[in-house]
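Everything below concerns the one structure shown next.
The values are calculated or read from the model by the stated rules, or taken from the named source; none is laboratory data. This structure is a prediction, so every number in the text was calculated from the model and none was measured. A quick note on method: Cβ atoms are made from the backbone with ideal geometry, for glycine too, and the neighbour counts reach across all protein chains shown.
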C-alpha cells in the first residue's frame, strides 16, 4: 500500500522490504530501538551520579578541577540525556505501534509501573534543566541537590521500567480466562520475582559501564601526555565507582541467573547451552550450540560447573532444553554466546580494576611521601592502554545482557502467556519504518560521537600546558550568547 | 463510570498542558526557521535561550498522555497504534530530530562554524514545523474514523502549527529585556500575524466539523460545549487585544487560556468517544483496579512534579532576562 507512493517499487531495495515479514521487521525495529536507547538509558542513570560526585568534591575541597569536571560531565549529560529522552519517547510509542495486541493485553497491568515511571521521568527532566542551566541562577547547595534529584529520579525511572520488563519475564497479578487477563492487580509488575534482581543488576551495570567508559576517555588523554589534576582525579573517581560496581555485579549476576533458573528454565538452559536435563551438569563456555543435533561444538566444559552455579551443589539437577517443547525454545546459540560475552566482559572489567588498584596500592607504598597523590601521574602506559581497551566492555556487557534477557524470553512476549507473533501489528509498512529508524539512529549516533569527540578535544585544549586556564565559570552555559550575531 | 471520565479528564488536561507548553517549543522552532532580517540571530538566540532549560520537561507531557492512554485505555492505544501507524512513526522521527538538532546546535559551540549551526537550525526548524502538523492531523483523525488524509485532519494539522507559532511568539515577547524594544516588537508582530492565521483557520475548522464530523459540531454547539467555545473566543480576542495594547503578560495568559479552551472544547465534543465512531472511553477502559491505581497515585505524582515545575519556570523566568 505504501510503496506505490515512493516510486521504488520493483527495485532491489523494495524487494528486500517486501521479503521481510512483519514479525521479523517489528522485532528488528524493536531491537534497534532498544539497543540504541539502552546506551543512553545507562548514561542517563549513571552520568548524573558522576557529575554530582565531582560537584560534591568541589563543594568540599574547593579545588577548581573538580568544578571543571562537574561542568564537563554535565555538558555531556545534557547531550546524552536529550538523545535518551527522545529515544525513550520513541520506545513508549513503539510498544503500541509494533506490539498493539501486547499493549492491549497488558496495558492495564504494567501501566502502573509506567505511570509511576512517568512521574520519575518528569522530575528528572525538570531537575536536569535546573542543573544544566542553573549554575549561576540558584545557590550552590540548591544546585547540588538538583543534581541529586536527577540521580534519584533517573535511577527510580530505570527501576520502575524494569518492573514492566520483569513482568514480561515472570508475569504476576492476573488470571488468564479465555485468553484475556481477569482479576487484574495493578501491583502485578512489582510482584514479579525478577523485578528486584533485574533492577539491581541493571543499575549496577549502568554505573559500571559508564565508569569504565569515563576511565577510558581520561586514560586516553593521559596517554597523550595530559596528566593534569582534572585527568587524574577523573580517572580516580571513575575507577572507585567502576571497581565497586564491577565487584558487586558478581553476586548480583549470580542472584539474577538463579531467579531466571527458577522462573524461566528455558532461558537459563539456553544461556548455558544446556540441552540434556541432568545432575552434575557441566558449565559450557563458548562453543557453537546446534539446536538441530542438541550439541555444542568447540565449547569448553567445566565439570559440575552449572550444577554448582544453579544450586551451589554438584548434585543439583538442572533442567535442560529437552524439558521444553521445541516450539517454545529460544534460539540457543544467540542467547548462549551473548551470555558468555556479558560474563566475559564483566570478568575482564573486574580484572582491569583489580590491576589498577594493585598498581595504585604498590605505588602508594613506594611513594609514601605523597600519599594523596592519585595513581595518575605515575600510572604506567600499559595500564592506561588496558583501561582504554576495556572502556567499551561495560556497554558491550549491557547490550549482550539485554540480548540474553529478551531473546532468551522468546518465543514469548509475555513468558508462558502470549507469543511474540500474536502481539505484532497488522499494520502494513513495518519493514519501511524499520529502515527509517535504522537510518535515524545511525545518523543520531554518528553525530553524537562526533560531538563527544569534539568535546573531548576541547578538554584537551583547555587542559594543555600554556593554554588559558579552563574557563570553568560562566562560559559553558552561555555558549549560545557567543554564537555569531547577524551571520 | 466516574473513574473512566475522571481519567479521560486527566488525559485531556495533559493534552492541554502539552499544547500550551510543548506547543510553544515547536513554535520556537517555527520562528527559528522563519527568522529573517538583521535581527535574525538575536531572535534565534532568544528562542534557544528560552527553550533550553524547559523543553525537556515540557516534552514529558506527551509521554504522560501516552502512559495514561495505554494504562487506562489500553484498547484505544492499540487501535490508535494500528490506525495511525505511519503518522505516529513520522511524529517520532520529528521529535527525535527536533530534540537532537536542538542540543547539537546549543552545545556544539558554533562560534567557529556558523554554517554547521545553520544546518542544525534547519533540521530543528523543519522538524518543529512537521511534527505539530502531524499531531494536529492525528487529533483530527481521531475525530473522523482514523482517516489521516482528509479535509478535517489537514485543517486541524494546519491549525495546530499556527497555534504553536502563535503561543511561541506571544511568550517570547516576555522573554526579551525591557531595553530590547525592537526584538520584542518583532515577536509582537509575529504574534499578531500568527494570531490572525489562528483565527482564520479556526473559522475554517469549525464549519468543517459540521460536514466532516457532525458529532463534533453537535458537541461544540451543545449546552456543555458552547460555553467552552465561547470562553475560547473571548480569550482569543483578549490575547489579540492585549498584544495590540502591548499588555504582554495579559496576552500570554489569555493566549494560553485560548489554546486550553480550544483543546478542552474538542475533548468535550468528542465525549464519549476516544476514537470516533468506533470506540468510546467506556469500551476502551482498563479494569477498575487499574483505573483506581492511576487515580490514587496521581495526587502523589503531581505533588512531586508540580512544585518542581513551578520552581523551574520561576528560576528561568525573566527575573534574570536574556541579553545578547
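Values as computed for the structure displayed
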| read-out | value |
| --- | --- |
| Of the criteria (1) in a helix (DSSP H, G or I); (2) without any contact (Cβ under 8 Å) to a residue 24 or more places away in the chain; (3) over 19 Å from the mean Cα position of the chain (by Cα), which one residue B:123 fails | (2) |
| Filter result (on the phi < 0 side of the Ramachandran plot and part of a loop (DSSP other than H, G, I, E, B)) within the stretch B:140-165 | B:143, B:144, B:147, B:148, B:149, B:150 |
| Filter result for the condition that a residue is out of contact with any strand residue (DSSP E or B) (no Cβ under 7 Å at 6 or more places or on another chain), within 10 Å of another protein chain (Cβ to nearest Cβ) and at pLDDT 90 or above, over B:117, B:141, B:113, B:78 | B:78 |
| Lone unmet requirement of (1) under 23 Å from residue B:136 (Cβ atoms); (2) modelled with pLDDT of 90 or more for residue B:212 | (2) |
| So residue B:83, is it in contact (Cβ under 8 Å) with a residue 12 or more places away in the chain and within 9 Å of chain A (Cβ to nearest Cβ) | yes |
| Among the residues listed as A:97, A:69, A:57, A:47, the single one being surrounded by fewer than 23 Cβ atoms within 10 Å (Cβ to Cβ), in a helix (DSSP H, G or I) and at pLDDT 90 or above | A:57 |
| Condition check for residue B:78: closer than 19 Å to residue B:266 by Cα and either without any contact (Cβ under 8 Å) to a residue 60 or more places away in the chain or surrounded by 23 or more Cβ atoms within 10 Å (Cβ to Cβ) (or both) | no |
| Extreme residue, farthest from residue A:449 (Cα to Cα), among residues of the stretch A:110-126 that are more than 7 Å from chain B (Cβ to nearest Cβ) and crowded, with 24+ Cβ neighbours inside 10 Å | A:110 |
| Count - residues of the stretch A:433-444 that are more than 9 Å from chain B (Cβ to nearest Cβ) and either in contact with a strand residue (DSSP E or B) (Cβ under 7 Å, 6 or more places away or on another chain) or surrounded by 15 or more Cβ atoms within 10 Å (Cβ to Cβ) (or both) | 3 |
| Residue B:104 vs. criteria touching a helix residue (DSSP H, G or I) at 6+ places or on another chain (Cβ under 6 Å), buried (at least 24 other Cβ atoms within 10 Å of the Cβ) and more than 7 Å from chain A (Cβ to nearest Cβ) | no |
| Enumeration of residues in the stretch A:127-143 that are more than 20 Å from residue A:81 (Cα to Cα) and either facing chain B (nearest Cβ under 7 Å) or touching a strand residue (DSSP E or B) at 6+ places or on another chain (Cβ under 6 Å) (or both) | A:137, A:138 |
| In the stretch B:43-70, residue farthest from residue B:18 (Cα to Cα) [restricted to those that are within 7 Å of chain A (Cβ to nearest Cβ) and over 16 Å from the mean Cα position of the chain (by Cα)] | B:45 |
| Meets criteria (at negative phi, modelled with pLDDT of 90 or more, touching a helix residue (DSSP H, G or I) at 6+ places or on another chain (Cβ under 8 Å) and away from chain A (no Cβ under 11 Å)) for residue B:99 | no |
| Condition check for residue A:87: more than 15 Å from residue A:155 (Cα to Cα), at the interface with chain B (Cβ under 9 Å from one of its Cβ atoms) and within 17 Å of the chain's Cα centre (by Cα) | yes |
| Failed criterion for residue A:130 (all others in (1) more than 18 Å from the chain's Cα centre (by Cα); (2) under 30 Å from residue A:422 (Cα atoms) hold) | (2) |
| Failed condition for residue A:296, given (1) surrounded by 18 or more Cβ atoms within 10 Å (Cβ to Cβ); (2) under 23 Å from residue A:259 (Cβ atoms); (3) at pLDDT below 90 | (2) |
| Hits in the stretch A:90-108 - residues which are more than 7 Å from every other protein chain (Cβ to nearest Cβ) and farther than 13 Å from residue B:66 by Cα | A:98, A:99, A:102, A:105, A:106 |
| Elements of type helices (runs of 4 or more DSSP H) in the stretch B:213-324, at least 1 residues being buried (at least 20 other Cβ atoms within 10 Å of the Cβ) and within 14 Å of another protein chain (Cβ to nearest Cβ) | B:281-284, B:288-315 |
| Flag if residue B:91 is surrounded by fewer than 22 Cβ atoms within 10 Å (Cβ to Cβ) and either touching a helix residue (DSSP H, G or I) at 6+ places or on another chain (Cβ under 9 Å) or at pLDDT 90 or above (or both) | no |
| Residue that is modelled with pLDDT of 60 or more and either more than 14 Å from chain B (Cβ to nearest Cβ) or within 30 Å of residue A:259 (Cα to Cα) (or both), where the choices are A:417, A:430, A:449 | A:417 |
| Failed condition for residue B:128, given (1) part of a helix (DSSP H, G or I); (2) over 30 Å from residue A:450 (Cβ atoms); (3) within 21 Å of the chain's Cα centre (by Cα); (4) more than 7 Å from chain A (Cβ to nearest Cβ) | (2) |
| Single unsatisfied condition, residue B:16 versus (1) more than 8 Å from chain A (Cβ to nearest Cβ); (2) over 20 Å from the mean Cα position of the chain (by Cα); (3) closer than 23 Å to residue B:143 by Cα | (2) |
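A quick yes/no check of all residues on (1) part of a loop (DSSP other than H, G, I, E, B); (2) over 26 Å from the mean Cα position of the chain (by Cα); (3) under 18 Å from residue A:403 (Cα atoms); (4) at pLDDT below 90:
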| position | (1), (2), (3), (4) |
| --- | --- |
| A:231 | no, no, no, yes |
| A:237 | no, no, no, no |
| A:248 | no, no, no, no |
| A:268 | no, no, yes, no |
| A:276 | yes, yes, no, yes |
